[in-house]
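Single-structure report; data block below.
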Amino acid sequence: VELSCIIKSTVTPDPRIEWKKIRDGETSYVFFGNKMQGDFVTRAEILSRTSLVIKNTTRMDTATYRCEVAAPLDTKTIDEINIQLTVQ
């Protein structure tokens, strides 16, 4: 599964990008500090700096995934997008 977080334009040379998983009211890091976290270390990767690819998805991956971008030099310094993933 590929979840895309598209950054249209930014003047910040290296914006901070984080991915979080929200399930049953609990939030956990998927990608933080430029590296995968938890069980995603062995089965996920970042493509093109922003897209999250999760391999071998299961129903346990069903959740809302939030991509957060922090670009301190831009007029809009932080933005986010939520993507609902449902694994049948």
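Details
- Residue tally, condition open to solvent by less than 70 Å² (accessible area, probe 1.4 Å), at pLDDT 95 or above and not basic (Lys, Arg), over segment 19-35: 5
- Residue list for segment 67-88, restricted to those being over 15 Å from Ala44 (Cβ atoms), open to solvent by less than 70 Å² (accessible area, probe 1.4 Å) and part of a strand (DSSP E or B): Glu68, Val69, Ala70
- When residues in segment 1-35 are screened for being aromatic (Phe, Trp, Tyr) and not in a strand (DSSP E or B), 0 of them pass.
- Filtered residue count, segment 28-55, keeping only those that are touching a residue at least 12 places away in the same chain (Cβ under 8 Å) and either farther than 13 Å from Ser4 by Cα or not polar (S, T, N, Q) (or both): 13
- Val11 meets the conditions (1) open to solvent by less than 30 Å² (accessible area, probe 1.4 Å); (2) modelled with pLDDT under 95 in every case but one. The failed one is (1).
- Residues (assigned to a helix (DSSP H, G or I) and open to solvent by 30 Å² or more (accessible area, probe 1.4 Å)) located in segment 36-64: Gly38, Asp39, Arg59, Met60
The values are calculated or read from the model by the stated rules, or taken from the named source; none is laboratory data. Only a predicted model underlies this, so the values are computations on that prediction, with no experimental measurement involved. Reconstructed Cβ throughout: ideal geometry from the backbone, glycine too, with neighbour counts over all protein chains shown. Just so you know, the surface numbers come from the protein's heavy atoms only, side chains and all, with ligands and any DNA or RNA stripped out. Shrake-Rupley method; radii C 1.70, N 1.55, O 1.52, S 1.80 Å.
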